[in-house]
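Input: a single structure, listed below in structure tokens.
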Amino acid sequence: MIDKTVFENKIAAYYTLGCKLNFAETSTIGKVLAEQGVRKARPGEKADICVVNTCSVTELADKKCRQAIRRIGKQHPGAFIVVTGCYAQLKPEEVSHIEGVDLVLGAEQKLDILMYLDNLKKKEEGSAVIASQTKDIRTFSPSCSADDRTRHFLKVQDGCDYFCSYCTIPFARGRSRNGTIASMVKQAEEVAAKGGKEIVLTGVNIGDFGKSTGETFIDLIRALDEVEGIVRYRISSIEPNLITDEAIDFVAHSKRFAPHFHIPLQSGSDDVLKLMRRRYDTALFRHKIEKIKEVMPHAFIGVDVIVGTRGETDAYFEDARSFIESLDISQLHVFSYSERPGTQALKIDYVVDPKTKHARSQQLLDISDRKLHAFYEAHIGRKANVLFEQTRKGGMMHGFTENYIKVEIPYDGSLVNETRQVTLGSWNEEKTALNIL
Ligand code: SF4
């Protein structure tokens, strides 16, 4: 039984680090507290409760979380600080010793937050409560968030069964699981009823959708495509071996799925892919890119790569670089390999020094800049449908085409959350978006 009086007149501030999945889950935590009457802090307002949803994807992510928690403690003196998310799940003891932390919640407990906020009494420094953690995380907690009125992030799947050699996410988020197609359609209908126009399907390994419900990813996207009111869906990062040719063909002919893909390659060297324990090779990856371009020549394809993984010799990196260069893709998201405790990658002897990692990263970023530039340039003079967003910056507003080209126009409030067909013009001054003709 929850004592509602604990939450009377309370104000909460929410902080999210890391992925879109965390953003979706923080939003759900916010809804859970709002149902108890807890109001969200306005900018600059002191909160009684601070919820920090953390990330632990790299060493740097852990460091940023520690810094953020300390900063939040100073911004909200006396507030009850709850830390959850991947860093809290993987290193609860370490988190409990960070100055100001009162409660550490694991991945399984994050959405049951009310059960743990029993008295909101500040704990003595260094004695935060660690809610009992479940190692075998199996619950699927539905979540959907909006970053503004336009775009919503719908969590369709959680966890991962892949255990790539460098990754701790399966330990932080547990085994692959998902909600039912019916529950996803219901959430999409709710978004549409509230006027939301765009939904991004998110998860840890979304191509694995259906494993825990006996359904399939293709049936999920078929069902979502029928939801009236949603203008477009985007599929966030999906493993190359799980994006089937059938799904690619479906997107090409669908009513609402955007020609926009985000596919993690991680390395363009088959030898490194083996060391990483990825489940595909470069031939399969190339086939997927070519298949997408064959049926959707203007599709935007973003690709994740990691540089400096243990075992990535100069020769392997050169293989990777030339493979990546040869792909018809639009942008690279380049990450530097980070050592994570408990991973199999630590058994590989060959270590890449930081200077080499940095140089490799620069090389790939240069390739990415060239490819993105060429992709935008190829669209100048073309017609496209742009969904305009709320954000206003320096008198300008932005929107995105179906194939993820950023468009900039002078701010016009009547266009927020509206779609318009435009002709794409030249670059804006900073070369970050296209103007319209
Ligand atoms: S697919 Fe590999 S890299 Fe991605 S979450 Fe699973 S284990 Fe980590």
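Tell me, please, whether a residue that is among the hydroxyl-bearing types (Ser, Thr, Tyr) and either assigned to a loop (DSSP other than H, G, I, E, B) or open to solvent by 20 Å² or more (accessible area, probe 1.4 Å) (or both) can be found in segment 318-326. Looking through segment 318-326, at least one residue is among the hydroxyl-bearing types (Ser, Thr, Tyr) and either assigned to a loop (DSSP other than H, G, I, E, B) or open to solvent by 20 Å² or more (accessible area, probe 1.4 Å) (or both). For the criterion of being at pLDDT 95 or above, in contact with a helix residue (DSSP H, G or I) (Cβ under 7 Å, 6 or more places away or on another chain) and either under 26 Å from ALA320 (Cα atoms) or surrounded by 15 or more Cβ atoms within 10 Å (Cβ to Cβ) (or both), ILE380 fails.
Look at (1) without any contact (Cβ under 8 Å) to a residue 60 or more places away in the chain; (2) in contact with a Pro (Cβ under 9 Å, 6 or more places away or on another chain) and you find that GLU402 fails only one, number (1). Of all residues in segment 236-280, those that are more than 16 Å from the ligand (Cβ to nearest atom), part of a loop (DSSP other than H, G, I, E, B), within 20 Å of TYR404 (Cα to Cα) and open to solvent by 10 Å² or more (accessible area, probe 1.4 Å) total 4.
Being in contact with a Cys (Cβ under 9 Å, 6 or more places away or on another chain), under 28 Å from ARG175 (Cβ atoms) and surrounded by fewer than 23 Cβ atoms within 10 Å (Cβ to Cβ) is the requirement here; does CYS86 meet it?
Numbers: in contact with a Cys (Cβ under 9 Å, 6 or more places away or on another chain): yes; under 28 Å from ARG175 (Cβ atoms): yes; surrounded by fewer than 23 Cβ atoms within 10 Å (Cβ to Cβ): no.
When the stated conditions are applied, CYS86 does not pass them.
If you go through segment 211-235 and keep only what is more than 16 Å from the ligand (Cβ to nearest atom), in a loop (DSSP other than H, G, I, E, B) and more than 25 Å from GLN390 (Cα to Cα), you end up with THR213, GLY214, GLU215, THR216, GLU226. Can you say whether THR139 is modelled with pLDDT under 90, of a type in the set (Ser, Thr, Tyr), under 20 Å from the mean Cα position of the chain (by Cα) and more than 16 Å from the ligand (Cβ to nearest atom), as far as the supplied structure shows? Answer is yes for this residue.
Table: residues versus (1) among the basic types (Lys, Arg); (2) under 22 Å from the mean Cα position of the chain (by Cα).
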| position | (1), (2) |
| --- | --- |
| ASP281 | no, no |
| ARG286 | yes, no |
| GLY302 | no, yes |
| GLY311 | no, no |
| ALA315 | no, no |
| ASP319 | no, no |
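Among the residues of segment 206-230, those that are open to solvent by 10 Å² or more (accessible area, probe 1.4 Å) and either more than 21 Å from the chain's Cα centre (by Cα) or of a type in the set (Ser, Thr, Tyr) (or both) comprise SER212, THR213, GLY214, GLU215, THR216, ASP219, ARG222, ALA223, GLU226, GLU228, GLY229.
Of the listed requirements (1) within 16 Å of the ligand (Cβ to nearest atom); (2) surrounded by fewer than 21 Cβ atoms within 10 Å (Cβ to Cβ), ARG286 misses just one: (1).
Considering only residues that are open to solvent by less than 30 Å² (accessible area, probe 1.4 Å) and more than 16 Å from the ligand (Cβ to nearest atom), which ones fall in segment 171-184?
Selection gives GLY179, ILE181, MET184.
Among the numbered conditions (1) away from the ligand (no atom under 16 Å from the Cβ); (2) modelled with pLDDT of 95 or more; (3) buried (at least 21 other Cβ atoms within 10 Å of the Cβ), the only one that CYS144 does not meet is (2).
Of the residues screened, ILE348 is not one that is touching a residue at least 12 places away in the same chain (Cβ under 8 Å), more than 20 Å from the chain's Cα centre (by Cα) and more than 27 Å from GLU59 (Cα to Cα). Summed over segment 87-115, the residues that are assigned to a helix (DSSP H, G or I), at pLDDT 90 or above, touching a Ser or Thr at 6+ places or on another chain (Cβ under 9 Å) and charged (D, E, K, R) give a count of 0.
Going by the conditions given, is CYS65 within 22 Å of VAL334 (Cα to Cα), touching a Ser or Thr at 6+ places or on another chain (Cβ under 6 Å) and of a type outside the set (D, E, K, R)? Criteria met by CYS65.
Looking only at segment 185-208, count how many residues are in a helix (DSSP H, G or I) and more than 16 Å from the ligand (Cβ to nearest atom).
Matching residues across segment 185-208 total 9.
Every condition in (1) surrounded by 19 or more Cβ atoms within 10 Å (Cβ to Cβ); (2) more than 23 Å from the chain's Cα centre (by Cα); (3) within 25 Å of ALA320 (Cβ to Cβ) holds for SER368 except the one numbered (2). Look at segment 180-209: where a residue is within 13 Å of ASP225 (Cα to Cα) and of a type in the set (Val, Ile, Thr) and a partner is open to solvent by 40 Å² or more (accessible area, probe 1.4 Å) and in a helix (DSSP H, G or I), sitting 6+ places away or on another chain with Cβ atoms under 8 Å, you get ILE181/ASP219; VAL200/LYS20.
The values are calculated or read from the model by the stated rules, or taken from the named source; none is laboratory data. Just so you know, these numbers come straight off a predicted model, no measurement behind them. Positions of Cβ are generated from backbone atoms using ideal geometry, with glycine treated the same way; all protein chains shown enter the neighbour counts. Keep in mind that these areas ignore ligands, DNA and RNA; they rest on the heavy atoms of the full protein, side chains included. Shrake-Rupley method; radii C 1.70, N 1.55, O 1.52, S 1.80 Å.
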